[in-house]
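Here is the structure we will look at.
The values are calculated or read from the model by the stated rules, or taken from the named source; none is laboratory data. The structure presented is a predicted model; accordingly, all values stated were derived computationally and were not measured. Reconstructed Cβ throughout: ideal geometry from the backbone, glycine too, with neighbour counts over all protein chains shown. When the accessible area is computed, the model is the full protein with side chains, heavy atoms only, and any ligands, DNA or RNA have been set aside. Shrake-Rupley method; radii C 1.70, N 1.55, O 1.52, S 1.80 Å.
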Amino acid sequence: QVRFVESGGGLVQPGGSLRLSCAASGSISSVNVMAWYRQAPGNQRELVGVSRSDGMTRYPDSVKGRFTLSRDNGKNTLYLQMNSLRPEDTAVYYCYSISGGIEYWGKGTLVTVSS
C-alpha cells in the first residue's frame with residue numbers, strides 16, 4: 001500500500017509561487033498515473049493536473065500555463081509548481097494515484113492565496 005505525504009503549502013500573495021511536494025512511501029517509477037487534486041471550501045474536489053509514467057501531463061484550463069507537474073523517480077516524489085497564483089487557487093491540495101484499480105490519496109496540504 002502506497003502512502004503519500006504532501007508538503008509545501010502555505011500563505012502566499014496573489015501573483016506568487018509555491019512548489020508542493022508529494023513524497024511516496026514506495027517507488028513511483030512504475031505508477032502509471034499520478035495527479036494533484038484540490039478542494040476549496042464548499043466546492044467539489046477538482047483535478048489540477050495528471051502525470052503519466054511516459055511523461056505525458058494534462059492540465060485543466062483553469063491552471064494551464066501556470067501549474068506544472070513533475071516527477072523525481074529517484075526521490076519517489078511528485079511535484080506541483082504553481083506560479084501566478086490567484087485567490088481562487090486557495091484550496092487543500094491532494095496527491096493521488098491509481099494502481100491495480102486501487103486509488104491512493106494523501107491527506108492534503110493547504111494553500112492560501114491572499115494579500
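Accessible area per residue for the chain is 54 Å², calculated with a 1.4 Å probe on protein heavy atoms, without ligands, DNA or RNA.
Taking 0.36 nm per residue of separation and subtracting the Cα-Cα distance, full extension of the segment from ARG3 to GLU88 would add 27.8 nm. The share of accessible area on the chain that comes from carbon and sulfur is 46 percent, using a 1.4 angstrom probe.
With R₀ set to 25 Å, the beta-carbon distance separating ARG58 from SER27 gives a calculated FRET efficiency near 0.65.
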